[in-house]
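The values are calculated or read from the model by the stated rules, or taken from the named source; none is laboratory data. Quick caveat: nothing in here was measured; it's all calculated off a predicted structure. As a convention, Cβ positions derive from the backbone with ideal geometry for all residues, glycine included, and neighbour counts pool all protein chains shown.
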Amino acid sequence: MRYQISGKQIDIGNALQTHVQTETGDMLAKYSGRPTDANVVFSKSGHEYVCETVIHLSTGLTAQARGHEPEIYAAFDSALEKMDKQLRRYKRRLKDHHKERSQPVELSDAGSYILAPSDESGEAEDDTVSAMIIAETEMKIPLLSAGEAVMQMELANAPALVFRNEKHKGINVVYRRDDGNISWVDPKNLG
């Protein structure tokens with residue numbers, strides 16, 4: 001497993017890095033034998049340390065957790081406890097959905113753009129949208145079943161997830177509605 005442990009404007013010592021690797025490895029051994037990488041970032045916010053942890057599993061799932069504590073080790077332990085709770089909650093579903101999966105989830109490249117309204121005029125002359133790209137990044141679109149996509153969205157605590165459907169390879173979207181339910185957009189089944 002690959003670890004990336006860093007600090008935003010704070011020094012991370014070898015003892016903390018060893019602690020992070022040991023504790024994360026022990027926690028993941030209970031749930032998945034195939035994690036691919038972990039990204040742990042420490043920062044300081046006021047009088048508290050903040051630990052943001054993201055772990056990618058070969059099943060395509062991404063688990064995220066964040067901890068805030070006055071001590072840096074306690075911040076990490078808090079984030080790890082939250083992640084442990086997430087993975088424990090999904091342990092049965094992870095096993096059921098992925099026991100037949102022998103290969104890691106296939107990922108496709110896609111562009112992601114952040115748009116901001118253009119300030120040229122208050123109204124558009126016709127029906128066109130006036131916006132400019134203010135950020136461009138690359139993202140990965142996983143090849144998943146609808147159930148796996150919902151699970152990954154919930155694990156990441158994300159409002160939506162774009163994925164390629166395993167059955168027909170088409171682009172699908174799952175998202176959380178305002179009423180709390182989850183919607184699944186599958187263009188193949190339209191018409």
Met151 passes all but one of (1) in contact with a strand residue (DSSP E or B) (Cβ under 8 Å, 6 or more places away or on another chain); (2) touching a residue at least 24 places away in the same chain (Cβ under 8 Å); which number fails? (1)
Mind listing whichever residues of region 33-55 are modelled with pLDDT under 90 and crowded, with 19+ Cβ neighbours inside 10 Å? Pro35, Ala38, Ile55
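Being within 19 Å of the chain's Cα centre (by Cα), closer than 29 Å to Val150 by Cα and at pLDDT 70 or above: is that true of Leu94 here?
Values: within 19 Å of the chain's Cα centre (by Cα): yes; closer than 29 Å to Val150 by Cα: yes; at pLDDT 70 or above: no.
Against the criterion (within 19 Å of the chain's Cα centre (by Cα), closer than 29 Å to Val150 by Cα and at pLDDT 70 or above), Leu94 does not qualify.
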Of (1) surrounded by 11 or more Cβ atoms within 10 Å (Cβ to Cβ); (2) modelled with pLDDT under 75; (3) part of a helix (DSSP H, G or I), Ser108 satisfies all except one. Which? (3)
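Out of the residues in region 56-68 meeting the condition of being among the small types (Gly, Ala, Ser) and over 14 Å from Asp84 (Cα atoms), tell me which one is modelled with the highest pLDDT.
Taking region 56-68 as the starting set, the residues that turn out to be among the small types (Gly, Ala, Ser) are 58, 60, 63, 65, 67.
Keeping just the survivors that are over 14 Å from Asp84 (Cα atoms) gives 58, 60.
On the way: Ser58: 69, Gly60: 65.
So, considering only residues that are among the small types (Gly, Ala, Ser) and over 14 Å from Asp84 (Cα atoms), the one modelled with the highest pLDDT is Ser58.
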Which members of region 67-91 meet the condition of being touching a residue at least 40 places away in the same chain (Cβ under 8 Å) and in contact with a Ser or Thr (Cβ under 7 Å, 6 or more places away or on another chain)? Leu80, Met83
May I ask you to verify whether Thr22 is surrounded by 18 or more Cβ atoms within 10 Å (Cβ to Cβ) and modelled with pLDDT of 90 or more? no
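Working only within region 157-181, note down all residues that are of a type outside the set (S, T, N, Q) and either in a loop (DSSP other than H, G, I, E, B) or at pLDDT below 75 (or both).
Ala158, Pro159, Glu166, Lys167, His168, Lys169, Gly170, Arg177, Asp178, Asp179, Gly180
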